[in-house]
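Participant: Please find one structure pasted underneath; my questions will follow.
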Amino acid sequence: MRKETFFELFGKQRPSVKLFYKLLKGKTPEGKEAYYQYAYFLFMNRYHTLSLRFQSFLTNLVKHDWQRFLDYLMQTSGFSSLRGRIKNHYILVCLLHMLLADKKNVDIKYPPIAFFILLAFNFKKT
């Protein structure tokens with residue numbers, strides 16, 4: 001996909017995740033995937049060159065579907081080779097419980113935590 005094609009999708013409209021989904025409705029599954037792939041490519045490689053509006057859109061797109069972005073990273077980069085193994089999951093569960101139990105000092109949501117755990121550690125899907 002060309003950069004121009006991706007940006008032409010929005011025309012003169014302000015990019016947003018909601019608009020992105022709406023504009024992709026008429027596309028084939030392969031076409032939709034190409035737009036996602038290019039959006040993630042821009043997020044990873046050209047983010048600093050984009051306008052604040054597109055930076056915001058791409059950040060929100062990643063946040064909207066952490067799993068899809070994680071799958072992209074595992075398939076298109078070397079991140080999967082950096083993942084560690086956990087022999088005892090109980091230790092990780094205890095650590096997460098302590099982190100999330102401290103509501104006064106920690107304001108974090110579950111999806112980003114899950115994303116970073118799956119990015120860092122190799123879990124078998126069940």
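The values are calculated or read from the model by the stated rules, or taken from the named source; none is laboratory data. In this text, all values refer to a predicted model and were calculated from it rather than measured experimentally. Every residue, glycine as well, gets a Cβ built from its backbone with ideal geometry; the counts of neighbours run over all protein chains shown.
Participant: Considering segment 55-87 alone, what residues qualify as being closer than 18 Å to S16 by Cβ, without any contact (Cβ under 8 Å) to a residue 40 or more places away in the chain and in contact with a helix residue (DSSP H, G or I) (Cβ under 8 Å, 6 or more places away or on another chain)?
Facilitator: Matches in segment 55-87: Q55, L58, T59, V62, R68.
Participant: Moving on to the next point. Is it fair to say I108 is in contact with a strand residue (DSSP E or B) (Cβ under 9 Å, 6 or more places away or on another chain), among the aliphatic types (A, V, I, L, M), without any contact (Cβ under 8 Å) to a residue 60 or more places away in the chain and in a loop (DSSP other than H, G, I, E, B)?
Facilitator: Judged against the criteria, I108 is not a match.
Participant: Which one is farthest from the chain's Cα centre (by Cα) among residues in segment 93-119 that are among the aromatic types (F, W, Y) and modelled with pLDDT of 85 or more?
Facilitator: Looking at residues that are among the aromatic types (F, W, Y) and modelled with pLDDT of 85 or more, I get F116.
Participant: Go over the candidates Y90, Y40 one by one and state the one that is more than 20 Å from the chain's Cα centre (by Cα), in a helix (DSSP H, G or I) and either hydroxyl-bearing (S, T, Y) or within 20 Å of K3 (Cα to Cα) (or both).
Facilitator: On inspection, the qualifying residue turns out to be Y90.
Participant: Picking from R53, R85, which residue would you name as being among the charged types (D, E, K, R), in contact with a Lys or Arg (Cβ under 8 Å, 6 or more places away or on another chain) and surrounded by fewer than 16 Cβ atoms within 10 Å (Cβ to Cβ)?
Facilitator: On inspection, the qualifying residue turns out to be R53.
Participant: Looking at K32, K12, K22, can you tell me which residue is over 23 Å from L73 (Cα atoms) and either in a helix (DSSP H, G or I) or not assigned by TED's automatic domain parsing to the domain that holds L58 (or both)?
Facilitator: K22
Participant: So, G31, is that one loosely packed, with under 14 Cβ neighbours inside 10 Å, closer than 16 Å to Q13 by Cβ and not acidic (D, E) or not?
Facilitator: Taking the combined requirement at face value, the residue does not satisfy it.
Participant: Something else about it: Looking at (1) surrounded by 11 or more Cβ atoms within 10 Å (Cβ to Cβ); (2) within 20 Å of F69 (Cα to Cα), can you tell me which one T5 breaks?
Facilitator: Checking T5 against (1) surrounded by 11 or more Cβ atoms within 10 Å (Cβ to Cβ); (2) within 20 Å of F69 (Cα to Cα), the one that fails is (2).
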